[in-house]
């Protein structure tokens, strides 16, 4: 038996028939071919599969695809806009917040949700926010620095262009 679901992923509406027991992470990876969402542990312990469901960070290995029917989902592939990296993606690159990169999509998705609630976090708050995400390579130091860098960039006032600069 298959169930028809419709959801919006990274701004694109998708309608598919899925098995009722299919996990959302497998729907994203196997049906939509969005492989940036990683399967790390299948038990919700590592956070590598974290995405945003209706604006909230969610471990996609803990949710069935049918539960996401009518949801708005953002994956790591949807974080960049107009071919420009999201400040967190840029920060992980600039501050060397990744090593093997396996945990990075989940870290970024968790941090993005966290930064919507805490614009100026301190190190302790960042570490607490990342408690559900595991990294086996970096020791977290540069991950924390990356999130602090992104928070600063995201909360900084945007430079205003003069009328002359905008028309040149």
Quiz item: Can you tell me how many residues in segment 127-143 are without any contact (Cβ under 8 Å) to a residue 24 or more places away in the chain, surrounded by 14 or more Cβ atoms within 10 Å (Cβ to Cβ) and under 18 Å from residue 94 (Cα atoms)?
Solution: 1
Exercise. Check segment 116-124 and report whether any residue there is at pLDDT 95 or above, part of a helix (DSSP H, G or I), under 15 Å from residue 47 (Cα atoms) and in contact with a helix residue (DSSP H, G or I) (Cβ under 7 Å, 6 or more places away or on another chain).
Key: no
Quiz item: Can you tell which of 45, 40, 97 is assigned to a loop (DSSP other than H, G, I, E, B) and under 25 Å from residue 120 (Cβ atoms)?
Solution: 97
Exercise. Just give me the residues in segment 9-32 being without any contact (Cβ under 8 Å) to a residue 24 or more places away in the chain and under 16 Å from the mean Cα position of the chain (by Cα), in sequence order.
Key: 29
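Residues are listed down the side, and each one gets a yes or a no for (1) buried (at least 21 other Cβ atoms within 10 Å of the Cβ); (2) closer than 14 Å to residue 133 by Cβ; (3) assigned by TED's automatic domain parsing to the domain that holds residue 134:
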position	(1), (2), (3)
20	no, no, no
24	yes, no, no
27	yes, no, no
32	no, no, no
38	yes, yes, no
50	yes, yes, no
55	no, no, no
59	yes, yes, no
66	no, no, no
Exercise. Sort out which residues of segment 96-105 are touching a residue at least 12 places away in the same chain (Cβ under 8 Å) and out of contact with any helix residue (DSSP H, G or I) (no Cβ under 8 Å at 6 or more places or on another chain), and write them in order of number.
Key: 99, 100, 102, 103
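The values are calculated or read from the model by the stated rules, or taken from the named source; none is laboratory data. Just so it is clear, the structure is predicted and the values come from calculations on it, not from any experiment. Counting neighbours? That spans all protein chains shown, and the Cβs are built from the backbone with ideal geometry, glycine included.
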